[in-house]
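Here the structure comes first, spelled out in structure tokens, and everything after it is commentary.
The values are calculated or read from the model by the stated rules, or taken from the named source; none is laboratory data. Nothing here was measured: the structure is a model prediction, and the numbers come from that model. Quick reminder, even Gly has a Cβ in these numbers, built from the backbone with ideal geometry, and neighbours come from all protein chains shown.
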Amino acid sequence: MAKKVSKNETNKLLKKVISSIEDKKGKNIVSIDLSKIDNAITNYFVVCSATSTTQVDAIYDNIMEKVYVDLNMKPFHREGYENSEWILIDYFDLVVHIFLEDIRNFYKLEDLWADGIIKRYQNVD
């Protein structure tokens, strides 16, 4: 079970999640720093897109494996794996959202949290 961790541990988790998404060619990767927003449900959101349910699953599996093996962390909560259209992985201080592209475009999660500090990551092919 995930628990609240230090800022340093959260930064390690953020870097590991981003690299795990990049490993599986996730698209349009962003982190949203919500730590300065009153009543935010977490400190960070990480959002990415995939072009197929197979890629959504691959990104999810890679994050779960790399975070557990390298940081010995398990998520507090997970959902959406059954449909593989929008998978959420909750590490308490950081929540990962893996979307199919059209689902992400529909929900526009970044717009809902536009008060946060948004950082975009370069996709390298």
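Observations, loosely collected:
- Screening Lys3, Lys15 for residues that are on the phi < 0 side of the Ramachandran plot, surrounded by fewer than 16 Cβ atoms within 10 Å (Cβ to Cβ) and either touching a Cys at 6+ places or on another chain (Cβ under 9 Å) or modelled with pLDDT under 95 (or both) leaves exactly one candidate, Lys3.
- Index of the failed condition, Phe76 passing every other in (1) of a type outside the set (S, T, N, Q); (2) under 20 Å from Thr10 (Cβ atoms); (3) loosely packed, with under 13 Cβ neighbours inside 10 Å: (3)
- Filter result for the condition that a residue is at pLDDT below 95 and assigned to a helix (DSSP H, G or I), over Asn39, Asn8: Asn8
- Among the residues of the range 52-105, those identified as within 19 Å of Ile32 (Cβ to Cβ) and part of a loop (DSSP other than H, G, I, E, B) are Pro75, Phe76, Gly80, Tyr91, Phe92, Asp93.
- Boolean, Val17 is of a type outside the set (Phe, Trp, Tyr), in a strand (DSSP E or B) and in contact (Cβ under 8 Å) with a residue 12 or more places away in the chain: no
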